[in-house]
1. Let me spell out the model: positive unit charges on the Cβ of Lys and Arg, negative unit charges on the Cβ of Asp and Glu, origin at the Cα centre of region 1-96. What dipole size does that give, in debye rounded to 20?
2. Heavy atoms only, probe 1.4 Å: what % of the accessible area of the chain goes to carbon and sulfur, would you let me know?
3. Over region 1-96, what is the mean sequence separation of C-alpha contacts under 8 Å (at least six apart), divided by residue count, expressed as relative contact order in percent?
4. Got a sec? Charge dipole of the chain, +1 on Cβ for Lys and Arg, -1 for Asp and Glu; which of S72, I92, S47 is way out at the positive end?
5. So how tilted is helix 34-62 from the main axis of the chain? Cα-based, degrees 0 to 90, rounded to 10.
6. What number comes out for accessible area per residue over region 1-96 if the probe is 1.4 Å? Units Å², please.
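The values are calculated or read from the model by the stated rules, or taken from the named source; none is laboratory data. This is a predicted model, so every value here is computed, not measured. Using ideal geometry, Cβ is built from the backbone for each residue, glycine included, and neighbour counts are taken over all protein chains shown. Side chains included, ligands, DNA and RNA excluded: accessible areas come from the protein's heavy atoms. Shrake-Rupley method; radii C 1.70, N 1.55, O 1.52, S 1.80 Å.
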Amino acid sequence: GAASGIAVASRALQLLHSVNAIKSFIRSAKGASSEVERLLELFERLSALLDEVRNVLELQSSLSAQHFPPPSPIIVGSLKSCESQLQPLKDIFEKYQ
């Protein structure tokens, strides 16, 4: 229901903040290679997707009187997977902050 939608939106927002911080860190590196540029493009797409997921889930949660179903297990699983895959990059970023 609404509570699980808010929890998933919160997770998406946390992941979005991590992605944006990593993007900023990578951009600040001098002499970025083409592979780094490719990663930045991927992070841009991931950031846009996460922002849209968060917006949709927040809207869905705010309309809870409409009895929307809880968020898809695919969305929840994908967010968890992204979170675990980004954790090593987040650790590196935090080390150099």
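1. Details: 10 positive and 10 negative charges, 32 e Å.
Value, rounded to 20: 160 debye.
2. On the way: 3820 of 6330 Å².
That share works out to 60 percent.
3. Details: 73 pairs, mean separation 48.3, N = 96.
Worked out over region 1-96, it gives 50 percent.
4. I92
5. 20 degrees
6. Working: 6180 Å² over 96 residues.
For region 1-96, the per-residue accessible area is 64 Å².
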